[in-house]
Structures are given as structure tokens and as C-alpha cells.
Amino acid sequence: MTTNMGKIDRTLRIVIAAALAYAAFGTTVLGSGALFWLALIVAAVFTLTAFVGNCPLYRIIGLKTCSDCG
């Protein structure tokens, strides 16, 4: 897989994932229902794509947020 995400994009994804995980585990805002699980799934996907550096949705729509990707 080729990288299609820049450093800022990757950092923002980690920050958003951390906020979602905190909202799910650290507060009672999301409860224990569908919003809880949705937040965890989105957090996991954001974390995975941030560490890999490749977002499949970006490939589909032809978006690249890094300046040095080919």
C-alpha cells in the first residue's frame, strides 16, 4: 500500500481517536449502546489508518494529503 496521508492528517486522526475512546470509556456521554460501539469502531479505524498511512476512502475519491506521495 502506498501512503496517501500527510503528517497533519495522521496526527489529527490519532487525536480524534483518543477523544472518541475517552468519550466511550471515560465518560457516560455515549452510554453502552450503539453510540458507544460506533465511537470505538471509528476510533479503531482512525488509529489503524493513521499508523498505516493509507486511507482506502482517499484512494477511491483520489485525495492525497501528503506533499511527497507519488
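The values are calculated or read from the model by the stated rules, or taken from the named source; none is laboratory data. These figures come from a predicted structure and were not determined experimentally. Heavy atoms of the whole protein, side chains included, go into the accessibility calculation; ligands, DNA and RNA do not. Shrake-Rupley method; radii C 1.70, N 1.55, O 1.52, S 1.80 Å.
Given a 1.4 Å probe and the protein chains as shown, L35 ends up with an accessible area of around 110 Å². Rolling a 1.4 Å probe across the protein heavy atoms gives the chain an accessible surface of 70 Å² per residue. Note on the chain: with neighbouring protein chains present and a 1.4 Å probe, carbon and sulfur make up 73 percent of its accessible heavy-atom surface. Per-residue surface analysis assigns S32 an accessible area of about 100 Å², computed on protein heavy atoms at 1.4 Å probe radius. The Stokes-Einstein estimate for the chain, based on a Kirkwood radius over Cα pairs and taken at 10 °C with 1.306 mPa s viscosity, is a diffusion coefficient of 124 µm²/s.
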